[in-house]
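What follows is a single structure, written as structure tokens, with notes after it.
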Amino acid sequence: MKEITTFKNQKVLVLGLAKSGESAARLLTRLGAIVTVNDGKPFEENRSAQTLLEGGIKVICGGHPLELLEEEFACVVKNPGIPYTNPMVAKALDKGIPVLTEVELAYLVSEAPIVGITGSNGKTTTTTMIADVLNAGGQTALLCGNIGFPASSVAQEATAEDVLVMELSSFQLMGVDQFRPKIAVVTNLMPSHLDYHGDFEAYVAAKWHIQDQMTAQDTLILNMTQELARNLAQKTKARLISFSSQEKVEGAYLQEGVLYFKDEPIMPADSLGVPGLHNVENALATIAVAKTLGISNQAIAETLSHFGGVKHRLQYVGEINHVAFYNDSKSTNSLATQKALSGFDPQKVLLIAGGLDRGNEFDDLVPDLRGLKQMVIVGESTPRMVRAAQAAGVPYSLAQDVADAAKKAFELASPGDVVLLSPANASWDMYANFEVRGDSFLAAYEELKAENQ
């Protein structure tokens, strides 16, 4: 870890805890800052705050008192999920206090170069693919960031011989200043989190912060299947490498069923361990990173052919009586479910869909539903999903929850079929989050497997 003096004897407010906030508070204290932590959760219910207080860090819980900002803070480090419309954040900015996110701290102390991955879809899978390929190729890649491991914790332990492979959300990237990855990947850009950002232009601008400090010595990897990416490519100082599943580009591309890098065949597309054109694009981005860092074709091909996906993100679960189960609980909108369905023969798919009713119909999903063997529908959005199934001419049945849906789908399946949980809806009508929903599906699979041995 770089022993920087930027924060020494400086008063810093950490706004919001969770993993990243606790990590930031500890790192700042280690760097000699005078830290105050403010979290909305009551102290008696807040184990992180209690632990920090035991470590001698000042904590204020149960609300966000604006008078806190009367102190002369050098900066605020905020939890990415706290919007900039939050009164505390807005007042800090009004007072001219810099508002950062924890990934900026990680960059400032990291001895290891950073590979940063952002985008609307596929960033977790791509981040994991990249780390797996780099490790297989003889490097030490450390996962961190939005993937669940606080970047500022991992960066403290990393050496100059390691590589930080960092998933970055738009929320995190809005709070960077000096952050400069050695390699940056933008998987794709689709309308997302507009309730936070206000509009698509602001969302794209947040993502584009990933390359603000990059120079010609750094590498930016963009998905040239998108016209937006082609336009953005003109607005960076970084060295550009392209990837595309639709045409030959100066970089990684799909041609006649083979994945290439600059005219060099790497592997057949159908050898990938995970299905779907979107995973071809994730693999192409991974290849571009790996070749930039000198990884052998053999290590790339072997790793990607054995890649089993990420939990809850088109995760291959296993087979029961030759019926395959896939857990794509992370698909909380139509676009994500469309991408999941693209990887399978529709006539063999029994799709479990439905969840939180946000008031939207699923007309955009109807073309992708046509030809499915069966839909099993759950949740608040059942009436809307039923209308989509009827419009697509797909037979459907209803289930009480995801576990019940898994059992009903399996009863209707034949050898060679696929039971796919890809809800196209958020989970909050029945589950705390998409992970809990996916875990329910996994538990149902294990129960069915035990019953059918």
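Worth a mention:
Results for (1) more than 19 Å from Gly175 (Cβ to Cβ); (2) in a strand (DSSP E or B); (3) open to solvent by 20 Å² or more (accessible area, probe 1.4 Å); (4) touching a residue at least 24 places away in the same chain (Cβ under 8 Å), shown as yes or no for each residue.
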residue	(1), (2), (3), (4)
Phe7	no, no, no, yes
Gly32	yes, no, yes, yes
Asn38	no, yes, no, yes
Leu52	yes, no, no, yes
Val59	yes, yes, yes, no
Leu69	no, no, no, yes
Phe73	no, no, no, yes
Val76	no, yes, no, yes
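- When restricted to residues that are without any contact (Cβ under 8 Å) to a residue 24 or more places away in the chain, within 20 Å of Glu446 (Cβ to Cβ) and hydroxyl-bearing (Ser, Thr, Tyr), the range 393-430 contains 0.
Rundown of residues vs (1) surrounded by fewer than 20 Cβ atoms within 10 Å (Cβ to Cβ); (2) in contact (Cβ under 8 Å) with a residue 24 or more places away in the chain; (3) part of a helix (DSSP H, G or I), yes/no style:
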{"position": "Ser48", "(1), (2), (3)": "yes, yes, yes"}
{"position": "His64", "(1), (2), (3)": "yes, yes, no"}
{"position": "Gly96", "(1), (2), (3)": "yes, no, no"}
{"position": "Ala106", "(1), (2), (3)": "no, yes, yes"}
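- When the range 299-319 is filtered for residues that are touching a strand residue (DSSP E or B) at 6+ places or on another chain (Cβ under 9 Å) and surrounded by 18 or more Cβ atoms within 10 Å (Cβ to Cβ), the ones remaining, listed by number, are Ile300, Ala301, Leu304, Gly309, His312, Arg313, Leu314, Gln315, Val317.
- Ala432 meets the conditions (1) among the hydrophobic types (A, V, I, L, M, F, W, C); (2) in contact with a Phe, Trp or Tyr (Cβ under 7 Å, 6 or more places away or on another chain); (3) not in a strand (DSSP E or B) in every case but one. The failed one is (2).
- Within the range 264-293, being charged (D, E, K, R) and part of a helix (DSSP H, G or I) holds for Asp270, Glu281, Lys291.
- Condition check for Ala252: outside any helix (DSSP H, G or I), aliphatic (A, V, I, L, M) and open to solvent by less than 30 Å² (accessible area, probe 1.4 Å): yes
- The lone criterion from (1) within 28 Å of Pro191 (Cβ to Cβ); (2) buried (at least 19 other Cβ atoms within 10 Å of the Cβ); (3) touching a strand residue (DSSP E or B) at 6+ places or on another chain (Cβ under 7 Å) left unmet by Gly122 is number (3).
- Counting only strands (runs of 3 or more DSSP E) wholly contained in the range 363-426, the ones carrying 2 or more residues that are open to solvent by 40 Å² or more (accessible area, probe 1.4 Å) occupy 396-398.
- Tabulated pairs, the range 341-366, first more than 25 Å from Val323 (Cα to Cα), second outside any helix (DSSP H, G or I) and open to solvent by 30 Å² or more (accessible area, probe 1.4 Å), C-beta under 8 angstrom, 6+ apart or interchain: Leu356/Glu380; Leu356/Trp428; Leu356/Asp429; Asp357/Glu380; Asp357/Asp429
- Condition check for Ile352: surrounded by 23 or more Cβ atoms within 10 Å (Cβ to Cβ), at pLDDT 95 or above, within 25 Å of the chain's Cα centre (by Cα) and in the same structural domain as Asn327 (by the TED database): yes
- Tally of residues being out of contact with any Pro (no Cβ under 6 Å at 6 or more places or on another chain) and assigned to a helix (DSSP H, G or I) across the range 9-30: 10
- Residues that are surrounded by 14 or more Cβ atoms within 10 Å (Cβ to Cβ) and either outside any helix (DSSP H, G or I) or touching a residue at least 60 places away in the same chain (Cβ under 8 Å) (or both) within the range 440-453 comprise Phe441, Leu442, Tyr445, Leu448, Lys449, listed in sequence order.
The values are calculated or read from the model by the stated rules, or taken from the named source; none is laboratory data. Note that the structure is a prediction, hence the values are computed from the model and not measured. Please note: Cβ atoms are built from the backbone with ideal geometry, for glycine as well, and neighbour counts cover all protein chains shown. Accessible surface areas use protein heavy atoms only, side chains included; no ligands, DNA or RNA. Shrake-Rupley method; radii C 1.70, N 1.55, O 1.52, S 1.80 Å.
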